[in-house]
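Asker: Okay, handing you the structure first.
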Amino acid sequence: MELMTLKNKRILLTGASGGIGKAIAALLDQQGAILSLVGRQADSLNSILESLSPTAHQIVVADINSAADREMLTGHCAKSAIDMLINCAGVLELQYFDQQDPQTIDNIINTNLLSPMQLCRQLIPVLKAREHAVIVNIGSIFGSIGHPGFTTYCASKFGLRGFTEALQRELAGSSIQVSYLAPRATITALNSATITAMNRALGNTMDDPELVAQALLMLLRKNQCQRYMGWPERLFVKVNALLPNVVAKALIKNLPTINQSINQQNKSEG
Ligand SMILES: NC(=O)c1ccc[n+]([C@@H]2O[C@H](COP(=O)([O-])OP(=O)(O)OC[C@H]3O[C@@H](n4cnc5c(N)ncnc54)[C@H](OP(=O)(O)O)[C@@H]3O)[C@@H](O)[C@H]2O)c1
């Protein structure tokens, strides 16, 4: 199999100001890629830009949930002749589903699923013009395992995984490769102090974001359709697909700890 080179590849990276996005930007910069860094805050994007080598990287301030901003991003991508879209922006909340604010539900589904889908739709014509183009959607282990306390997040990532798989098959034979990367828990601002403490109490390992960037690089270099991170998480994904009751039993045993974390969080938030 031919290994993909990233030198001079033009890449649109959403979520570039986040923990994982920043690590991905640094690694792709080292590989000689030319990045368009997308986020909502110019200051944080500029500080990332300054940390990269002084090449043709740019920042693009955009809210991916805004149709006007997506239109602007599409124009930017056509003008810059981008080769790759990495949908990395994401949001999460630990909460009982019946206590989750309806606007938070909308925001999670929009940011993690609908807006990445819309971006793919708008950028496919741009990407089809390239000899070899790539879309990578950053999912999660929670895109394969329904986890209490993260119902809406799981729904968004299950959706993103299904969308990615279907699009991958739909575009087979075209110049666009579509891939899915599923990290496990990672040390970034996405996880509140409560979630981090809960992960510790449950014995869930949290990766450094640099490890996710390395996994993305491997996926790209090997032209992989999908990559799941972490052990035993990768095994749980397979067991959950074949024997969901086994995983359900293990997760239900964790309910007291999960409930305690949510209750503590809700109490401290008043
Ligand atoms: N950390 C984990 O444990 C973990 C595990 C598995 C998968 N993931 C996935 O990895 C991806 C990156 O997560 P992370 O841990 O790096 O999170 P993070 O540090 O909280 O960063 C989130 C990023 O998403 C951007 N974003 C959120 N809403 C946006 C919007 N409406 N428009 C544009 N950008 C928006 C944020 O930019 P602003 O500057 O605009 O806020 C930020 O750059 C997500 O898809 C997440 O689901 C994370």
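The values are calculated or read from the model by the stated rules, or taken from the named source; none is laboratory data. All values reported here derive from a predicted model rather than from experimental measurement. Cβ sites come from the backbone with ideal geometry, for glycine too, and all protein chains shown count toward neighbours. To get the accessible areas, we keep the full protein, side chains included, count just its heavy atoms, and leave off ligands, DNA and RNA. Shrake-Rupley method; radii C 1.70, N 1.55, O 1.52, S 1.80 Å.
Asker: How big is the Kirkwood radius of region 10-268, worked out from every pair of different alpha carbons and given in Å to one decimal?
Answerer: Taking the inverse mean of 1/r over all distinct Cα pairs, region 10-268 comes out at 18.8 Å.
Asker: Residue 72 to residue 40: extension gain in nm, 0.36 nm per residue of separation minus the Cα-Cα distance?
Answerer: 10.2 nm
Asker: What's the carbon and sulfur percent of the chain's accessible surface, probe 1.4 angstrom, rounded to a whole number?
Answerer: The computed percentage sits at 53.
Asker: What is the extension gain from residue 8 to residue 58, computed as 0.36 nm multiplied by their sequence separation minus the C-alpha to C-alpha distance, in nm to one decimal?
Answerer: Contour length minus the Cα-Cα distance gives 16.6 nm.
Asker: Here's another thing I want to ask about it. Once you've got the GNM for the chain with C-alpha springs shorter than 10 Å, pick whichever of 177, 99, 31 has the biggest mean-square fluctuation.
Answerer: 99
Asker: Taking only C-alpha pairs under 8 Å that are 6+ residues apart, what is the relative contact order of region 29-76 in percent?
Answerer: 36
Asker: Moving to a separate point now. Counting only helical runs of four or more DSSP H residues, what would the 222 nm mean residue ellipticity of the chain come to if each run contributes -39,500 (n - 2.57) and the total is spread over all its residues?
Answerer: Dividing the helical sum by the residues of the chain leaves -15500 deg cm²/dmol.
Asker: Which residues among region 185-227 fall inside the zone where the amide N is under 19 Å from a point 7 Å beyond the Cα of residue 266, along Cα→Cβ?
Answerer: Label zone hits: 192-199.
Asker: Separate question: With springs only between Cα atoms under 10 Å apart, run a GNM on the chain and tell me which of 155, 166, 182 wobbles the most.
Answerer: Judging by the Gaussian network model, the answer is 166.
Asker: Students often get this wrong, so check it: of 7/222; 9/157; 9/128, which have C-alpha atoms separated by over 20 Å?
Answerer: In this structure, 9/157 exceed 20 Å between Cα atoms.
Asker: Connecting C-alpha atoms closer than 10 Å in a GNM of the chain, tell me which of 29, 98, 43 has the biggest fluctuation.
Answerer: Highest fluctuation among the options: 98.
Asker: If R₀ is 35 angstrom, what is the calculated FRET efficiency for the pair residue 259 and residue 234, using the beta carbon separation as r and rounding to 0.05?
Answerer: Computed FRET efficiency for residue 259 and residue 234: 0.85.
Asker: Contact order normalised by length for the chain, with contacts defined as Cα pairs under 8 Å and 6 or more residues apart; what percent is it?
Answerer: It rounds to 19 percent for the chain.
Asker: Please give the contour-minus-distance gain from residue 174 to residue 206: 0.36 nm per residue of separation, less the Cα-Cα distance, rounded to one decimal in nm.
Answerer: This chain segment gains 7.9 nm when fully extended.
Asker: Considering Cα pairs under 8 angstrom that are at least six residues apart, work out the relative contact order of region 1-98 and quote it in whole percent.
Answerer: This gives 34 percent for region 1-98.
Asker: Can you tell me the accessible area per residue over the chain, all protein chains present, probe 1.4 angstrom, in square angstrom?
Answerer: Per residue, the chain has 49 Å² of solvent-accessible surface.
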